[in-house]
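Novice: Here's a structure for you.
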There are 2 protein chains.
Amino acid sequence: MSENGALPLRGKVLTVDTMNANVKKVDYAVRGPIVQRAVQIEKELKEGVKKPFEEVIKANIGDAHAMGQRPITFFRQVMALCTYPQLLDDNKFPEDAKNRARRILQSCGGNSIGAYTTSQGIDCVRHDVANYIQRRDGGIPSDPDNIYLTTGASDGIVVRQANANTVLCTLDLYTQSQPVCQVQSRQCIEDVIRFAVKENLFLMADEVYQDNVYAEGCEFHSFKKVLFEMGPEYSSKVELASFHSTSKCYMGECGFRGGYMEVINMDPEVKAQLTKLVSVRLCPPAPGQALMDLVVNSPQPGEPSYQTFIKERTDVLSALAEKAKLTEEILNTVPGISCNPVQGAMYSFPRITLPERAINEAKAKGQAPDMFYCMKLLEETGICLVPGSGFGQREGTYHFRMTILPPTDKLKIMLNKLKEFHQKFTQQYS
Amino acid sequence: MSENGALPLRGKVLTVDTMNANVKKVDYAVRGPIVQRAVQIEKELKEGVKKPFEEVIKANIGDAHAMGQRPITFFRQVMALCTYPQLLDDNKFPEDAKNRARRILQSCGGNSIGAYTTSQGIDCVRHDVANYIQRRDGGIPSDPDNIYLTTGASDGIVVRQANANTVLCTLDLYTQSQPVCQVQSRQCIEDVIRFAVKENLFLMADEVYQDNVYAEGCEFHSFKKVLFEMGPEYSSKVELASFHSTSKCYMGECGFRGGYMEVINMDPEVKAQLTKLVSVRLCPPAPGQALMDLVVNSPQPGEPSYQTFIKERTDVLSALAEKAKLTEEILNTVPGISCNPVQGAMYSFPRITLPERAINEAKAKGQAPDMFYCMKLLEETGICLVPGSGFGQREGTYHFRMTILPPTDKLKIMLNKLKEFHQKFTQQYS
């Protein structure tokens, strides 16, 4: 205080200048300025502001349920039973759902999903995850001690924190292939692994789309399996963290924030630090852990829920395969848009040709040209996409990322609106 | 690769030397070495290793359900309805529970709790939180735009990340008062605020125990309320983030990882950075957000669930008040243990007198003397506590933190085991 007892005039303690400089560097395109503007526009629409459209279509992020996809019945039944165990006496629930719920509850403190779990995640869930990975990878062993349950795959950020600098290069490598939605061939994964060895990198594999493979002749290869098939000189050395989650594939359960990470060849001292680091957040959400368990331990032939489960899963995946094809077909009818086959995941990543004048106008505004394009698209049509510049595309090329998740009829409308916009935009800036 | 095609011999890419140095500095007593050893001992017991006890009692952390506390029926009913909306047709669920579930689902994308929410949290939940705070603080306005829903209160770490250095000092201040479990008086809070002004600190208030006040004549004062009552020269300047969660109080729903943070007087640019930072993790778990909503929007007089809700809440809180008293009474019968009244929260923080020889032996082992004590206690009795040295106690004094959560009969047994151990320990090292 000053001598007369009044408080000294002062500015903020915490400002962008005094805050942690690393925070300023963080940039996340999928929820960047376009999405912030989309949220604003939604508010304006609610308040009655007139726009040339009636709703915002968020095709920026793989959010299946928001686009009308129905949850898998079995998963939600087990989750309801875990949440409100009085329902275990209800004969409306199938026995296999009840068994799964009982097993999960038995491994929770006080048999409640409201107890903290261990920081690395519920024991029986980590065992189930390890068994799933081992089955998936044709018997290559997986150790529950190497499994960390996470708060969705975006939790990979925890590993990045531990990892300081080395990872960023790998991430670029990934992001250059991920939004393209082409299924990585075995050969391509081998090349990435060899590159990691050469450049001394710690590999992080985002494998959340492991069930989303649509194109014929393509199949999912896990980095771990390829690594082990390259022989012990690779499999005993290369450090790898791979991620899966409940948010994508046929389940699309994003809100639960469930996921796992498997670490391979991690230095034991680093692993101890990682374990300490995750303990600061106490534990991942127990409902997300339970849901992850169901994904890796789904209904088996002979169990009462098996038929329904398979039908629901197949329906979701074939609808996605159809929409992948539809998207490619419609977009390729537009001069100036070129779309590769959507082989997997849930996005298209078409390349767009932009008129010189649009590029210059964007640059004059300090915007990436495809950001300029996507922002205009949002304002005129309500369609929210992510500009390719958010993913590290090749210099001088322009793209956008769009999910294929809207229901078929809506997807068609959206693609045709996009077509119309692109033609108008091209005309306007030619 | 070397010239003959073999891989070069190499060490790990990621080691404690190459990793982010800040990670190594993180230290979290509540889940530190004692707890790691406790988990190990549990494993050994399961494998049949003989010990002088049959189970580990985890009195290190406020994990109510793990200690047998029952969840609040209304909360779990609404959560089950949100999870499996088919139950909305079930006449076993009360109408007020159904109404809450419908309202939450209506503000979720695609009416599913499986959709991502906005990064700051579901709109209607943030509004309910703001209304709750405003009611709680006697009408001092709260703006939903200043509310961030979180993944439990431990998410406060996100703010610390943004905040770099300035906060650590405040945290010390807090941790010195929090484990003591004395309810901070209005005067004490005023002093902290004045101190923050003088030292130019950003204040972080952990207010997760706001319903856990047992001692007569004590009441909960929020930092925000005190700040505003100190007049505009304080309330317009002091930067404050305060936290609440679903994990403590009468609900004890730790596993859901629900919580909120309210920021006051935050620099708008910093707020934009914070919003960006939370968006990297996409969104807090939707079930935790829904549960937080129920806590701030619990059954009201006249609603069908009101009576049961009030009874369940009262039962939990009066059991805790009783156990607080019991703990104080039993511990104070032990020579060398001195326990202040447990006025609030769910811990006791007794001071212990340790024989010189024990202190020397601990120091020779490079251990804090109360860590040495707690580790021995764990090995001999299975009781898992947190040494006071983890909380920043005054130099030369020794304490432990113990929850008062075990059921009364178990708590008595535990306290008597502790008494016996302390007497034996004192004798052994005298």
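Novice: I'm trying to understand the selection: among the residues of segment B:383-410, which are part of a loop (DSSP other than H, G, I, E, B) and over 20 Å from the mean Cα position of the chain (by Cα)?
Specialist: Within segment B:383-410, B:ARG394, B:GLU395, B:GLY396, B:THR397, B:TYR398 meet the criteria.
Novice: While we're looking at this one, here's another question. Have a look at A:GLN210, A:GLN134, A:GLN182, A:GLN176 and point out the one that is in a helix (DSSP H, G or I) and either under 24 Å from A:LYS25 (Cβ atoms) or at pLDDT below 90 (or both).
Specialist: A:GLN176
Novice: Of all residues in segment A:378-408, which are in contact (Cβ under 8 Å) with a residue 40 or more places away in the chain and among the small types (Gly, Ala, Ser)?
Specialist: Of everything in segment A:378-408, those that are in contact (Cβ under 8 Å) with a residue 40 or more places away in the chain and among the small types (Gly, Ala, Ser) turn out to be A:GLY382, A:GLY388, A:SER389, A:GLY390, A:GLY392.
Novice: Filter segment B:82-114 down to the residues that are within 27 Å of the chain's Cα centre (by Cα) and either part of a loop (DSSP other than H, G, I, E, B) or within 8 Å of another protein chain (Cβ to nearest Cβ) (or both) and list them by number.
Specialist: B:THR83, B:ILE113, B:GLY114
Novice: Let me ask you something else. Considering every residue within segment A:277-290, establish whether at least one is more than 8 Å from chain B (Cβ to nearest Cβ), farther than 19 Å from A:VAL159 by Cβ and buried (at least 16 other Cβ atoms within 10 Å of the Cβ).
Specialist: Within segment A:277-290 (the criterion being more than 8 Å from chain B (Cβ to nearest Cβ), farther than 19 Å from A:VAL159 by Cβ and buried (at least 16 other Cβ atoms within 10 Å of the Cβ)), the answer is yes, since at least one residue qualifies.
Novice: Which of the residues spanning segment A:43-80 are at the interface with chain B (Cβ under 8 Å from one of its Cβ atoms), assigned to a helix (DSSP H, G or I) and under 21 Å from A:SER298 (Cβ atoms)?
Specialist: Passing the criteria: A:HIS65, A:ARG76, A:GLN77, A:MET79, A:ALA80.
Novice: Take segment A:272-328 and flag every residue that is of a type outside the set (Gly, Ala, Ser) and closer than 14 Å to A:ARG126 by Cβ.
Specialist: Hits for segment A:272-328 are A:THR275, A:VAL278, A:CYS283, A:PRO284, A:GLN289, A:MET292, A:ASP293, A:VAL295, A:VAL296, A:ASN297.
Novice: Report the residue count in segment A:354-373 for those that are in contact (Cβ under 8 Å) with a residue 60 or more places away in the chain and either under 17 Å from A:VAL386 (Cα atoms) or polar (S, T, N, Q) (or both).
Specialist: 2
Novice: On the basis of being surrounded by 19 or more Cβ atoms within 10 Å (Cβ to Cβ), at pLDDT 95 or above and in the same structural domain as A:VAL208 (by TED's automatic domain parsing), does A:ALA358 make the cut?
Specialist: No; evaluated as a whole, the condition is false for this residue.
Novice: Same structure, new question: Test A:ILE140 against the criterion of being part of a loop (DSSP other than H, G, I, E, B), more than 25 Å from B:PRO71 (Cα to Cα) and hydrophobic (A, V, I, L, M, F, W, C), and give yes or no. Before you say what the answer is, go through the steps one by one.
Specialist: On the way: part of a loop (DSSP other than H, G, I, E, B): yes; more than 25 Å from B:PRO71 (Cα to Cα): yes; hydrophobic (A, V, I, L, M, F, W, C): yes.
Taking the combined requirement at face value, the residue satisfies it.
Novice: I've got another one for you. Cβ-Cβ under 7 Å, sequence separation 6+ or interchain: first residue in segment B:236-247 and in contact (Cβ under 8 Å) with a residue 24 or more places away in the chain and β-branched (Val, Ile, Thr), partner surrounded by 22 or more Cβ atoms within 10 Å (Cβ to Cβ) and in a strand (DSSP E or B). Which pairs?
Specialist: B:VAL238/B:LEU203; B:THR246/B:GLY259
Novice: Hey, A:ALA38 hits all of (1) among the small types (Gly, Ala, Ser); (2) in a helix (DSSP H, G or I); (3) closer than 21 Å to B:VAL78 by Cα but one; which does it fall short on?
Specialist: Going through the list (1) among the small types (Gly, Ala, Ser); (2) in a helix (DSSP H, G or I); (3) closer than 21 Å to B:VAL78 by Cα, A:ALA38 breaks only (3).
Okay, residues lined up against (1) at pLDDT 90 or above; (2) assigned by TED's automatic domain parsing to the domain that holds B:GLU253; (3) surrounded by fewer than 23 Cβ atoms within 10 Å (Cβ to Cβ):
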| residue | (1), (2), (3) |
| --- | --- |
| B:TYR28 | no, no, yes |
| B:ARG31 | no, no, no |
| B:ILE41 | yes, no, yes |
| B:LYS46 | yes, no, yes |
| B:VAL49 | yes, no, yes |
| B:PRO52 | yes, no, yes |
| B:GLU55 | yes, no, yes |
| B:ASP63 | yes, no, no |
| B:LEU81 | yes, no, no |
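Novice: Give me the residue from segment B:383-400 that is out of contact with any helix residue (DSSP H, G or I) (no Cβ under 7 Å at 6 or more places or on another chain) and more than 18 Å from B:ALA358 (Cα to Cα) and, out of that set, modelled with the highest pLDDT. Please lay out each step first, then the result.
Specialist: So in segment B:383-400, the residues out of contact with any helix residue (DSSP H, G or I) (no Cβ under 7 Å at 6 or more places or on another chain) come out as B:393-397.
Within this subset, residues satisfying the condition of being more than 18 Å from B:ALA358 (Cα to Cα) are B:393-394.
Details: B:GLN393: 78, B:ARG394: 81.
Among them, the one singled out is B:ARG394.
To keep it simple, each residue is scored yes or no on (1) in a helix (DSSP H, G or I); (2) at pLDDT below 95; (3) under 30 Å from B:ARG70 (Cβ atoms); (4) outside the structural domain of B:THR327 (by TED's automatic domain parsing).
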{"residue": "B:LEU354", "(1), (2), (3), (4)": "no, no, no, no"}
{"residue": "B:GLY366", "(1), (2), (3), (4)": "no, yes, no, no"}
{"residue": "B:PHE372", "(1), (2), (3), (4)": "yes, no, no, no"}
{"residue": "B:LEU415", "(1), (2), (3), (4)": "yes, no, yes, no"}
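Novice: Go through (1) in contact (Cβ under 8 Å) with a residue 12 or more places away in the chain; (2) facing chain A (nearest Cβ under 8 Å); (3) over 21 Å from B:GLN134 (Cα atoms) one by one and return the number of the condition B:ALA196 breaks.
Specialist: (2)
Novice: Another question, if that's okay. What is the number of the single condition among (1) touching a Cys at 6+ places or on another chain (Cβ under 8 Å); (2) at negative phi; (3) not charged (D, E, K, R) that B:ALA345 does not meet?
Specialist: In the conditions (1) touching a Cys at 6+ places or on another chain (Cβ under 8 Å); (2) at negative phi; (3) not charged (D, E, K, R), B:ALA345 misses (2) alone.
Novice: Tell me, which helices (runs of 4 or more DSSP H) lie completely within segment B:232-346 with 3 or more residues that are touching a helix residue (DSSP H, G or I) at 6+ places or on another chain (Cβ under 8 Å) and either within 16 Å of B:PRO71 (Cβ to Cβ) or modelled with pLDDT of 95 or more (or both)?
Specialist: B:286-296, B:306-331
Novice: Could you check A:GLY139 against (1) in contact with a strand residue (DSSP E or B) (Cβ under 8 Å, 6 or more places away or on another chain); (2) at pLDDT 90 or above; (3) away from chain B (no Cβ under 14 Å) and say which number it fails?
Specialist: Exception for A:GLY139: condition (1).
Novice: Out of (1) more than 21 Å from B:ILE72 (Cβ to Cβ); (2) free of Cβ contacts under 8 Å to residues at least 24 places away in the same chain; (3) more than 9 Å from every other protein chain (Cβ to nearest Cβ), what's the single condition that is false for B:GLU269?
Specialist: Checking B:GLU269 against (1) more than 21 Å from B:ILE72 (Cβ to Cβ); (2) free of Cβ contacts under 8 Å to residues at least 24 places away in the same chain; (3) more than 9 Å from every other protein chain (Cβ to nearest Cβ), the one that fails is (3).
The values are calculated or read from the model by the stated rules, or taken from the named source; none is laboratory data. None of these values were measured; they are calculated from a predicted model. Heads up, the Cβs are rebuilt from the backbone with ideal geometry, glycines too, and the neighbour counts pull from every protein chain shown.
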